[in-house]
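S.K.: Below you'll find the structure I mean.
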Amino acid sequence: MATITLDNLAHSYLPRPQGPEDFALKELNHDWQDGAAYALLGASGCGKSTLLNIISGLLIPSQGRILFDGVDVTHAPTAERNIAQVFQFPVVYDTMTVRDNLAFPLRNRGRPEAYVAERVAEIAAMIGMEHVLDRKARGLTADAKQKISLGRGMVRKDVNALLFDEPLTVIDPHMKWELRTQLKKLHHDFGHTMIYVTHDQTEALTFADRVVVMHDGRVVQIGTPEDLFDRPEHTFVGYFIGSPGMNLLPAEVAGRLARIPGGVTPLAVDYPTLTGRVQLGIRPEHLRLSADEGLPVTIRRIEDVGRHRIIRADLEGHDLNIIAPEDQPIGPEMTRAVFDPARIGIYADDWRVAPH
Ligand SMILES: Nc1ncnc2c1ncn2[C@@H]1O[C@H](COP(=O)(O)OP(=O)(O)OP(=O)(O)O)[C@@H](O)[C@H]1O
C-alpha cells in the first residue's frame with residue numbers, strides 16, 4: 001500500500017489553456033492516506049475519471065506531480081505503478097476458466113501455485129463464484145463477468161492501490177449491495193488504499209471512510225459521510241448529498257439573524273459582514289412544521305417514503321423540503337416552518353462561512 005500525494009495537480013485537455021474554465025481538473029493538493037478507503041463522488045463530467053486516470057497513469061497531467069510514498073511517478077507508465085483497476089465494464093479473458101481469470105494477476109507475478117489456489121478460493125467465496133470456477137468465462141452474464149473483474153482486481157494483496165471506476169454499474173441492485181459490503185469488508189481485512197469513483201451518493205457513503213466530492217473540476221470537500229451531511233462546505237455538497245438535498249434560500253445576514261423569504265429566522269452564532277451571493281442552507285431533516293411558530297409556508301405535496309414523509313412546501317415562491325416523522329399528524333393548521341438555528345449554514349458565493 002502507499003500514500004498517494006497530489007502536488008499542485010491540474011489538467012487541461014487543451015494545448016494552451018487560458019483560464020481556470022479550460023481545466024477539466026482544477027489545481028489540487030492532497031494526500032490519499034495509506035490504507036484508507038476513498039470515494040470520489042460527483043455528477044457526470046465533473047472530472048472524476050480525469051483524476052483517476054492521472055493516478056493510474058493513463059493520463060499525464062498538464063501541471064503538477066503525483067507521488068507514491070514520496071516517489072515521483074508522474075511520468076511512470078501504469079504497469080510500473082503496481083495498482084489494480086476495475087472498470088465500469090468487465091475485462092475478462094473469455095476463453096479462460098473463471099479460476100484462471102482470477103489467478104491471472106498472481107501467476108503473472110510468479111506466485112507459487114499453492115498460494116494462487118488459496119487466494120483464488122478466498123476471492124471466489126467473496127464474490128460467490130466457488131461453484132463455477134471451472135466454467136469458461138464465455139457465456140457468463142455481464143453481471144458474473146463483472147464479479148470476475150472485481151475478483152481479479154482484489155486478488156493481489158501487494159498493490160499500491162486499488163482503483164474502481166463505477167464498478168457496479170452492470171451489477172443487479174441486490175448484488176450491488178452485497179458486493180459493496182464485501183468490498184468494505186475486504187478493505188477492513190487487508191487495508192488496501194482504495195479509490196472508488198461513483199456518481200451515486202449511497203454507494204459513496206456506504207463504501208468510504210472519506211468521500212472526496214468533486215464539482216466542476218474542483219474538489220469541493222473531503223470528509224467523512226457525517227461531515228458531508230452535517231457541515232457541507234459548499235452548496236453543491238449540501239444539494240448533492242441527502243435525499244432530498246439541503247434547502248438553499250437567498251439571505252441577508254446581520255449578527256444573529258437571517259432575513260430570508262417569508263421573514264427573519266434566528267441563527268445560533270454571529271457572522272461577519274458578508275459580501276457576494278449570500279444563502280442560508282438547512283437540511284430538510286432540520287426543519288419542522290408548526291401551527292404557531294416559524295415562517296409561513298404553503299404545503300404543495302406530501303410524499304410518504306416509508307421511514308418518514310417528505311413535505312414539499314413553498315416559502316414565498318421558493319421550494320422548501322421538510323422531513324417529518326411518519327407518526328406526526330399534519331393538519332391544516334400546520335402552516336409554518338421552524339428552522340433549527342444550530343443546524344443552519346450560511347454560504348457566501350457557494351462556500352460555507354465560518355461564524356465569528
Ligand atoms: N479526452 C478528452 N478530451 C477532451 N475533453 C475531455 C476528455 N476526457 C474528458 N474530457 C472533458 O473533461 C471534463 C471531465 O470529464 P471526466 O470524464 O473526467 O468526468 P467524470 O466526472 O468522470 O464524468 P463521467 O462520470 O461522465 O465519466 C468533461 O468536461 C469532459 O468533457
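The values are calculated or read from the model by the stated rules, or taken from the named source; none is laboratory data. Everything quoted here is computed from the prediction, not taken from an experiment. Ideal geometry is used to build each Cβ from the backbone, glycine not excepted, and the neighbour counts take in all protein chains shown.
S.K.: Of these, Ala268, Ala251, which one is touching a helix residue (DSSP H, G or I) at 6+ places or on another chain (Cβ under 6 Å) and not assigned by TED's automatic domain parsing to the domain that holds Pro90? Steps first, please.
M.R.: Values: Ala251 fails: touching a helix residue (DSSP H, G or I) at 6+ places or on another chain (Cβ under 6 Å).
Only one candidate passes the filter, namely Ala268.
S.K.: To continue, here is another question. Assuming Thr224 fulfils every condition listed in (1) without any contact (Cβ under 8 Å) to a residue 24 or more places away in the chain; (2) not assigned by TED's automatic domain parsing to the domain that holds His188 apart from one, which condition is it?
M.R.: Thr224 satisfies every listed condition except (2).
S.K.: Considering only segment 302-339, how many residues are charged (D, E, K, R), over 27 Å from the mean Cα position of the chain (by Cα) and either at pLDDT 95 or above or surrounded by 17 or more Cβ atoms within 10 Å (Cβ to Cβ) (or both)? Write out each step before concluding.
M.R.: Step one: list which residues in segment 302-339 are charged (D, E, K, R), which gives 303-304, 307, 309, 312, 314, 316, 319, 326-327, 333, 336.
Going one step further and asking which of them are over 27 Å from the mean Cα position of the chain (by Cα), we end up with 314, 316, 326-327, 333, 336.
Within this subset, residues satisfying the condition of being either at pLDDT 95 or above or surrounded by 17 or more Cβ atoms within 10 Å (Cβ to Cβ) (or both) are 314, 316, 336.
Residues in segment 302-339 being charged (D, E, K, R), over 27 Å from the mean Cα position of the chain (by Cα) and either at pLDDT 95 or above or surrounded by 17 or more Cβ atoms within 10 Å (Cβ to Cβ) (or both): 3 in total.
S.K.: Test Asp350 against the stated conditions and say whether it is exposed (fewer than 15 other Cβ atoms within 10 Å of the Cβ) and of a type in the set (D, E, K, R). Can you show your working first?
M.R.: On the way: exposed (fewer than 15 other Cβ atoms within 10 Å of the Cβ): no; of a type in the set (D, E, K, R): yes.
Against the criterion (exposed (fewer than 15 other Cβ atoms within 10 Å of the Cβ) and of a type in the set (D, E, K, R)), Asp350 does not qualify.
S.K.: If the Cβ limit is 7 Å and pairs must be 6+ apart or interchain, which residue in segment 188-210 that is in contact (Cβ under 8 Å) with a residue 40 or more places away in the chain and more than 19 Å from Asp34 (Cβ to Cβ) pairs with which residue that is hydrophobic (A, V, I, L, M, F, W, C) and not in a strand (DSSP E or B)?
M.R.: Correct list of pairs: Val197/Leu52; Thr198/Ala204; His199/Ala43; Gln201/Phe240; Gln201/Ile241; Glu203/Leu168.
S.K.: Is it true that some residue in segment 207-218 is closer than 16 Å to Gln85 by Cα and either modelled with pLDDT of 90 or more or within 16 Å of the ligand (Cβ to nearest atom) (or both)? Step through it out loud before you land on a result.
M.R.: Step one: list which residues in segment 207-218 are closer than 16 Å to Gln85 by Cα, which gives none.
Scanning segment 207-218, I find no residue that is closer than 16 Å to Gln85 by Cα and either modelled with pLDDT of 90 or more or within 16 Å of the ligand (Cβ to nearest atom) (or both), so the answer is no.
S.K.: Confirm whether Leu58 is crowded, with 22+ Cβ neighbours inside 10 Å and within 30 Å of Ala144 (Cβ to Cβ).
M.R.: Considered against the rule, which asks whether it is crowded, with 22+ Cβ neighbours inside 10 Å and within 30 Å of Ala144 (Cβ to Cβ), Leu58 comes out as no.
S.K.: So Ile4 ticks every box in (1) surrounded by fewer than 21 Cβ atoms within 10 Å (Cβ to Cβ); (2) modelled with pLDDT under 95 but one. Which box is left unticked?
M.R.: Single failed check for Ile4: (1).
S.K.: Only one of these is in contact with a strand residue (DSSP E or B) (Cβ under 7 Å, 6 or more places away or on another chain) and of a type in the set (Phe, Trp, Tyr): Phe164, Phe190. Name it.
M.R.: Going through Phe164, Phe190 in turn, just one is in contact with a strand residue (DSSP E or B) (Cβ under 7 Å, 6 or more places away or on another chain) and of a type in the set (Phe, Trp, Tyr): Phe164.
For (1) more than 31 Å from the chain's Cα centre (by Cα); (2) under 26 Å from Ala36 (Cβ atoms), each residue gets a yes or a no:
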site	(1), (2)
Thr224	no, yes
His234	no, yes
Ile241	no, yes
Pro244	no, no
Asn247	no, no
Ala254	yes, no
Leu257	yes, no
Thr265	yes, no
Ala268	no, no
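Residues checked against (1) crowded, with 17+ Cβ neighbours inside 10 Å; (2) farther than 27 Å from Thr198 by Cα; (3) not aromatic (Phe, Trp, Tyr); (4) not assigned by TED's automatic domain parsing to the domain that holds Asp143:
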site	(1), (2), (3), (4)
Ile83	yes, no, yes, no
Val86	yes, no, yes, no
Phe89	no, no, no, no
Tyr93	no, no, no, no
Met96	no, yes, yes, no
Asn101	yes, no, yes, no
Leu106	yes, yes, yes, no
Glu113	no, yes, yes, no
Val116	yes, yes, yes, no
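S.K.: Residue by residue through segment 162-191, note down the ones that are more than 16 Å from the ligand (Cβ to nearest atom) and either modelled with pLDDT of 90 or more or crowded, with 24+ Cβ neighbours inside 10 Å (or both). Give the steps one after another, and end with the answer.
M.R.: As a first pass, look at segment 162-191 and keep what is more than 16 Å from the ligand (Cβ to nearest atom): 162, 171-191.
Within segment 162-191, Leu162, Leu183 qualify.
S.K.: Considering segment 338-356 alone, what residues qualify as being basic (Lys, Arg) and assigned to a strand (DSSP E or B)?
M.R.: Hit for segment 338-356 is Arg352, nothing else.
S.K.: Can you name every residue in segment 6-17 that is charged (D, E, K, R) and in a loop (DSSP other than H, G, I, E, B)? Step through it out loud before you land on a result.
M.R.: The initial filter retains those residues of segment 6-17 that are charged (D, E, K, R), namely 7, 16.
Result: Arg16, single match.
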